[in-house]
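Remarks on the structure that follows.
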C-alpha cells in the first residue's frame, strides 16, 4: 500500500491501537486528538472512499457518531464505540478488494448468524472486549510481545491479538496473533498441567513445520520457555471473512470457486505436514485485503487427530461428537467440514441448520453422505456431479471420505461448468430426509 492509503492506514491504526485504549480509560485529551485525526483521515480519502464510509457526517464525524452512541450508552463507552465505528468503516473504505465485490443481491440474509451481518449505514459498532484472563501479567507482556486483547478460545488453547514490544509507537507495524495453552483448571476434564503443556508444545511444533503458503496464515515463531506460558506467534491476516461475504450476499460463482480452491490448497499444505485444521468454517477463511487470496486462519483446534467435543456444530464431522475414544483422522474431518463449507459457499445456505445445536449434531449423525441439501442439488442434472463430489466427502465413515487433494482435483475439473452459473446455486425438489441410499451415487459416478 503506497501514498495516501499507507498514511490513511497508519492514522487508522493509531486511532485503534493508541487512542481507543486511552479513551476506554477515560483520558479526556485522547478524545480531542482522535477528533482531529479523524477529520484528517476524511480529508485524505477520495470521494468514492468517503461515500463507502457510510457515516452520518463529513465534518465532526466522531462527534456525530458519539451523539448517536450516547443515546444508549454511558459517556466513555459511547466515545469508544464512536471511534471504533469510524476505524472499522475507514478500513472497509480503503479495502482494495471492495470494488471487485458485486453489490448485495438482496437485503438481509438466509444464514443464521445475525451477529456477523454488517450493520446498516450509520449504525454503531462496539469495540472488541479487552478483558484479559487472570494469568496475564498486569503489564500485558508475554515474551517479547504485548497482548492487546483476547480473540478466540478453543481446543486446548486461546488466541490473543498482540504486537512486538520493539514495534510500539509504529502505527504501520503489523500486529500478530499469539496462541497460548489453557490453564488445566479451565478445562472441563482434568488434565495434568505437565501433560497439557506437553500436548501444546507438540501441537505448536507441528504447526511450526507448516510451510509458507499464500492460503495459510503464516506461523512466525514459537517460544517454549516463555513465562508464564509458552506461545505460538502467527500472522494476523487483514481482510474480510468469507462469512461476511455470504451474509452480505456479495458473492459470485467465480469468486466462490476461487475461494474454495484456495481453502483446499491451504488444507493440502497443512495435511502434507501431518496436521489438520479441524475448524474449517466461513469465519475462519479471510479474503486477504491486498491480494484477494482465501486464507485459512485460527489454528486454535489444529492438530494431528480429532479433538472430541471440540468444534463448531454446524461444520464439525460426526466423529467429533461420538463417544468413540480411538484417535480419528484430522484429514478426514477436514474433508467433511470443507464439504459443509463448499455447500454453503455455493448455495448461500447452511447444509446443517437448526436453532437447536443438539439437533444440528443429530443431523450430522443421521446421514451417510446424502443429507437433504445434497439431495436437492442432485435433483438438478447440471448439479448432479457437484452433489456426488460433496457427498463422498460427507460419508459417515471417515475412511470412506474423499481426501483434500482429490477434492481439489475434482472441483477444478468441474469448475468451468459451474463458473458462469448464477450465484447462489439452487437445488431441485426439497427433501426432508435422504430419499435414496448413498451407494446409488457410487454406482452412477464416472470418474
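Assuming R0 = 51 Å, what is the FRET efficiency of residue 310 and residue 59, from their Cβ-Cβ distance, to the nearest 0.05? Display every interim value, and only then the final one.
On the way: r = 50 Å, r/R0 = 0.98.
With R0 = 51 Å, the Cβ-Cβ based efficiency is 0.55.
In which sequence would 271, 277 go, from the one with the fewest C-beta neighbours within 10 Å to the one with the most? All intermediate terms of the calculation are to be shown ahead of the outcome.
On the way: 271 20, 277 28.
Starting with the residue having the fewest Cβ neighbours, the order is 271, 277.
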Please arrange 135, 31 by how many other C-beta atoms lie within 10 Å of their C-beta, fewest to most. 135, 31
So how far, in whole Å, is the C-alpha centre of the stretch 251-281 from the one of the stretch 15-94? 36 Å
Taking 314, 409 and counting other beta carbon atoms within 10 angstrom, the fewest-first order is 409, 314
Provide the FRET efficiency to the nearest 0.05 for the residue 412-residue 273 pair, computing r from the beta carbons and using R0 = 22 Å. 0.50
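What Kirkwood Rh does the stretch 1-61 have if only Cα atoms enter the pairwise 1/r average? Answer in Å.
On the way: mean 1/r = 0.0816 Å⁻¹.
It is 12.3 Å.
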Pair residue 359, residue 47: separation of 7 Å Cα→Cβ label points (nm): 5.1 nm
Label-point separation (nm) for residue 139 and residue 76, each offset 7 Å from Cα along Cα-to-Cβ? 2.5 nm
17 Å reach of a label modelled at residue 420, 7 Å along Cα-to-Cβ, counting backbone N of the stretch 366-394: 382-383
If the stretch 236-307 were replaced by its equivalent ellipsoid, with semi-axes equal to the square roots of 5 times the Cα gyration tensor eigenvalues, what would those be, largest first, whole Å? 22, 12, 11
Over the stretch 239-444, one equal point on each Cα, no solvent: what is log10 I(q)/I(0) by the Debye formula at q = 0.19 Å⁻¹? -1.53
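Given a Förster distance of 30 angstrom, what is the FRET efficiency for residue 67 paired with residue 4, based on the Cβ-Cβ distance and rounded to 0.05?
On the way: r = 29 Å, r/R0 = 0.95.
That gives a FRET efficiency of 0.55.
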How large is Rg/Rh for the stretch 282-366, to two decimals, with Cα atoms and a Kirkwood Rh? 0.99
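Kindly state, as a whole number, the per residue volume in cubic angstrom of the convex hull around the alpha carbon atoms of the stretch 333-395. Can you show the working numbers first?
On the way: hull volume 4.8 nm³, N = 63.
It comes to 76 Å³ per residue, whole-number rounded.
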Length-normalised contact order of the stretch 3-94, Cα under 8 Å, at least 6 apart, in percent, tallies to 38 percent
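Output the antiparallel fraction of DSSP beta bridges having both residues in the stretch 179-334, as a percent to the nearest 5.
Details: 13 of 14 bridges.
If we restrict to bridges inside the stretch 179-334, about 95 percent are antiparallel.
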Working out 0.36 nm times the residue gap between residue 225 and residue 291, then minus their Cα-Cα distance, what length gain in nm do you get to one decimal? 20.2 nm
Would you list the P(r) distribution for the stretch 206-343, with all Cα-Cα distances sorted into 10 Å bins from 0 and each bin expressed as a whole %? 12, 42, 33, 12, 1
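Every number here is computed from the coordinates shown, using simple stated rules; none is lab data. Predicted model, so just to flag it, every value in this text is computed and none were measured. Counting neighbours? That spans all protein chains shown, and the Cβs are built from the backbone with ideal geometry, glycine included.
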